[in-house]
Amino acid sequence: RPDLFQAPDYYNLDDLLTEEHKLVRDSARAWVKREVSPIIEEYAQRAEFPKQIIKGLGEIGGFGPYIPEQYGGAGLDQISYGLIMQEIERGDSGVRSTSSVQSSLVMYPIWKFGTEEQRMKYLPKLATGEFMGCFGLTEPDYGSNPSGMVTNFKDMGDHYLLNGAKMWISNAPFADVAVVWAKNEEGRIHGLIVERGMEGFTTPETHNKWSLRASATGELIFDNVKVPKENLLPGKSGLGAPMMCLDSARYGIAWGAIGAAMDCYDTALRYAKERVQFDKPIAGFQLQQKKLAEMITEITKAQLLTWRLGVLRNEGNATTAQISMAKRNNVNMAIEIAREARQILGGMGITGEYSIMRHSMNLESVITYEGTHDIHLLITGADITGIPAFK
Ligand code: TGC
Ligand code: FAD
């Protein structure tokens with residue numbers, strides 16, 4: 001019953017938000033309640049992305065919340081961006097994925113590393129959802145280790161020739177544009193904008209996922225694709241360029257995971273108060289109170305961590321390692337809460353009547369993509385010891 005949702009705010013975090021933050025969050029929340037929650041279970045069961053929500057996602061600032069208004073973005077700060085991600089993921093992690101990819105992995109690199117012509121050509125249409133985008137970094141043999149990628153392009157004089165393949169790409173099956181990371185003849189990584197319709201470019205869909213079923217995932221195949229030279233992103237090369245995009249997306253995921261956790265907690269709390277066994281509500285049993293009390297404690301800690309990270313992002317001072325800590329902590333927090341919340345609902349917890357099992361399955365992807373749980377721990381480890389343990 002999405003109409004009953006009560007957002008937990010145990011430490012009065014609203015006191016730390018501006019009127020604009022609350023307005024942005026509340027309008028995203030109302031839109032998710034109205035447009036996403038009532039239909040998302042059905043689309044997830046059918047393994048289909050609900051394309052009818054694209055326009056609304058654009059209207060609530062779900063595409064490029066922090067991109068300047070001159071390029072069609074919402075021109076909001078990092079906390080508003082986070083709050084929008086929180087509200088979208090309260091609805092579904094797959095919908096938040098579409099928003100994250102479009103905002104931080106497609107619009108962000110075009111804004112940061114693109115030419116003025118590229119910005120004007122793509123950003124306003126991406127902001128409204130007229131164009132949908134995807135981001136190709138991961139390859140079949142290079143997931144956690146993207147610097148090993150083999151997708152490559154050659155300078156043919158008047159164009160580039162692109163060859164290779166990307167795997168596990170969110171939005172790929174319907175994307176109009178793809179920001180693709182590939183190596184030049186010297187082995188240096190660059191970003192290229194590849195458009196649907198270019199000869200030799202195909203996007204087969206990945207089927208049979210048990211997770212993130214309302215998000216379309218696919219491959220990007222490049223078979224001698226002629227990419228115009230003006231489609232290269234000139235502003236930055238090397239692995240640092242896609243990593244900067246990931247910093248922005250991972251920050252949004254840290255907020256998003258709180259939304260999924262809030263929805264699981266809220267659902268479990270209401271159910272526990274209503275469900276009677278042994279002549280009293282199950283919320284009156286200590287074992288269930290332990291679960292619920294620990295959930296609200298972990299949500300509150302995650303909210304404080306993420307709000308502070310938002311302040312640092314607004315100041316331009318958040319480090320990659322700080323973002324990793326929040327992404328890792330919050331996604332793990334959400335997955336644990338989803339598991340416990342599902343148990344509170346007993347048998348009902350495994351059905352699509354409630355959102356918890358869908359969140360639980362979705363979060364298995366969220367804990368893996370944008371850097372796995374292990375990789376983020378190693379990023380913290382490298383940061384505090386000064387000794388990278390990846391290789
Ligand atoms: P390493 O030697 O650490 O760095 C190579 C170069 O990159 C620079 N760099 C950064 N620059 C700016 N910002 C950052 N955050 C940076 N991180 C690294 C670094 O300074 C260096 O530059 P230079 O000039 O010295 O060469 O790289 P490594 O090869 O050892 O790898 C490090 C590692 C493992 C941490 C990193 O590659 C990693 O994070 N791996 C995980 C891969 C990942 O997250 N993939 C995500 C794919 S996209 C996705 O999942 C989308 S999901 C859909 C959705 O969002 O909803
Ligand atoms: P691997 O890298 O093979 O890792 C397998 C296991 O080994 C993991 O447990 C990992 O933690 C562990 N491991 C790896 N290296 C180390 C190490 N050095 N030390 C210790 N343990 C290690 N990618 C994109 O580019 N764009 C997208 O839009 C996108 N969307 C996605 C959507 C979904 C639904 C999913 C599931 C993935 C998506 N990805 C996307 C890919 C995602 O980023 C990768 O799956 C992720 O980075 C992990 O890579 P991998 O799956 O190849 O696992």
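The values are calculated or read from the model by the stated rules, or taken from the named source; none is laboratory data. Since this is a predicted model, take the numbers as computed values, not measurements. Cβ atoms come from the backbone with ideal geometry, glycine included; neighbour counts cover every protein chain shown.
Suppose we filter the range 207-234 for residues that are on the phi < 0 side of the Ramachandran plot, surrounded by fewer than 15 Cβ atoms within 10 Å (Cβ to Cβ) and out of contact with any His (no Cβ under 9 Å at 6 or more places or on another chain); how many remain? It would help to see each step written out before you state the result.
First, pick out the residues of the range 207-234 that are on the phi < 0 side of the Ramachandran plot: 207, 209-211, 213-223, 225-234.
Checking the rest, the ones that are also surrounded by fewer than 15 Cβ atoms within 10 Å (Cβ to Cβ) come to 207, 210, 223, 226, 228-230, 234.
Add one more test, that the residue is out of contact with any His (no Cβ under 9 Å at 6 or more places or on another chain), and what stays is 207, 210, 223, 230.
Number satisfying all stated conditions: 4.
Would you check which residues across the range 132-154 are in contact (Cβ under 8 Å) with a residue 40 or more places away in the chain and more than 25 Å from ALA389 (Cα to Cα) and list them?
MET132, GLY133, CYS134, PHE135, GLY136, THR151, PHE153
Listed here are the residues, each with its yes/no results for (1) at pLDDT 95 or above; (2) of a type outside the set (Phe, Trp, Tyr); (3) near ligand 2 (Cβ under 9 Å from one of its atoms).
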| position | (1), (2), (3) |
| --- | --- |
| ASP92 | yes, yes, no |
| LEU137 | yes, yes, yes |
| TYR142 | yes, no, yes |
| VAL180 | yes, yes, no |
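Of GLN102, GLN70, GLN118, which residue is touching an Asp or Glu at 6+ places or on another chain (Cβ under 9 Å) and of a type outside the set (Gly, Ala, Ser)? Don't jump to the end; show me each part of the working.
Values: GLN102 fails: touching an Asp or Glu at 6+ places or on another chain (Cβ under 9 Å); GLN70 fails: touching an Asp or Glu at 6+ places or on another chain (Cβ under 9 Å).
From the options GLN102, GLN70, GLN118, the qualifying one is GLN118.
Would you pick out the residues in the range 165-189 that are on the phi > 0 side of the Ramachandran plot and in a loop (DSSP other than H, G, I, E, B)?
Looking only at the range 165-189, we keep the residues that are on the phi > 0 side of the Ramachandran plot, and these are 168, 171, 187.
The answer is ASN171, GLY187.
Name the residues in the range 339-364 that are hydrophobic (A, V, I, L, M, F, W, C), assigned to a helix (DSSP H, G or I) and surrounded by fewer than 24 Cβ atoms within 10 Å (Cβ to Cβ), would you? Steps first, answer last, please.
Our first condition is that a residue be hydrophobic (A, V, I, L, M, F, W, C); within the range 339-364, this holds for 341, 344-345, 348, 350, 356-357, 361, 363.
Adding the requirement that they be assigned to a helix (DSSP H, G or I) leaves 341, 344, 348, 350, 356-357, 361, 363.
Listed by number, the residues that qualify are MET348, ILE350, MET357, MET361.
Is it the case that GLU336 is surrounded by 15 or more Cβ atoms within 10 Å (Cβ to Cβ), assigned to a helix (DSSP H, G or I) and within 12 Å of ligand 2 (Cβ to nearest atom)? Please lay out each step first, then the result.
Values: surrounded by 15 or more Cβ atoms within 10 Å (Cβ to Cβ): yes; assigned to a helix (DSSP H, G or I): yes; within 12 Å of ligand 2 (Cβ to nearest atom): no.
It is false that GLU336 is surrounded by 15 or more Cβ atoms within 10 Å (Cβ to Cβ), assigned to a helix (DSSP H, G or I) and within 12 Å of ligand 2 (Cβ to nearest atom).
Could you grab me the full set of residues in the range 270-296 that are free of Cβ contacts under 8 Å to residues at least 40 places away in the same chain and either among the small types (Gly, Ala, Ser) or within 30 Å of ALA249 (Cβ to Cβ) (or both)?
Initial filter on the range 270-296 (free of Cβ contacts under 8 Å to residues at least 40 places away in the same chain): 273-274, 276-281, 283-287, 289-290, 293.
The answer is ALA283, GLY284, ALA293.
Can you tell which of ASP263, ASP279 is crowded, with 23+ Cβ neighbours inside 10 Å and among the acidic types (Asp, Glu)? First the steps, then the outcome.
Working: ASP279 fails: crowded, with 23+ Cβ neighbours inside 10 Å.
Criteria check complete, one pass: ASP263.
What's the number of the condition ALA321 fails, among (1) within 16 Å of ligand 1 (Cβ to nearest atom); (2) part of a loop (DSSP other than H, G, I, E, B); (3) surrounded by fewer than 16 Cβ atoms within 10 Å (Cβ to Cβ)?
Among (1) within 16 Å of ligand 1 (Cβ to nearest atom); (2) part of a loop (DSSP other than H, G, I, E, B); (3) surrounded by fewer than 16 Cβ atoms within 10 Å (Cβ to Cβ), ALA321 violates only (2).
Could you tell me whether PHE113 is touching a Pro at 6+ places or on another chain (Cβ under 8 Å), within 14 Å of ligand 1 (Cβ to nearest atom) and under 17 Å from VAL177 (Cβ atoms)? Walk me through how you get there before you give the answer.
Working: touching a Pro at 6+ places or on another chain (Cβ under 8 Å): yes; within 14 Å of ligand 1 (Cβ to nearest atom): yes; under 17 Å from VAL177 (Cβ atoms): yes.
Considered against the rule, which asks whether it is touching a Pro at 6+ places or on another chain (Cβ under 8 Å), within 14 Å of ligand 1 (Cβ to nearest atom) and under 17 Å from VAL177 (Cβ atoms), PHE113 comes out as yes.
Within the range 19-41, can you find the residues that are out of contact with any helix residue (DSSP H, G or I) (no Cβ under 7 Å at 6 or more places or on another chain) and without any contact (Cβ under 8 Å) to a residue 24 or more places away in the chain?
GLU19, LEU23, ASP26, ALA30, ARG34, ILE39 - these are the residues of the range 19-41 that are out of contact with any helix residue (DSSP H, G or I) (no Cβ under 7 Å at 6 or more places or on another chain) and without any contact (Cβ under 8 Å) to a residue 24 or more places away in the chain.
If you go through the range 347-391 one residue at a time, how many are away from ligand 2 (no atom under 11 Å from the Cβ) and touching a strand residue (DSSP E or B) at 6+ places or on another chain (Cβ under 9 Å)?
So the answer is 0.
TRP255 versus (1) farther than 23 Å from PHE63 by Cβ; (2) under 15 Å from the mean Cα position of the chain (by Cα); (3) more than 16 Å from ligand 2 (Cβ to nearest atom): which is the lone unmet condition?
The one condition TRP255 does not meet is (1).
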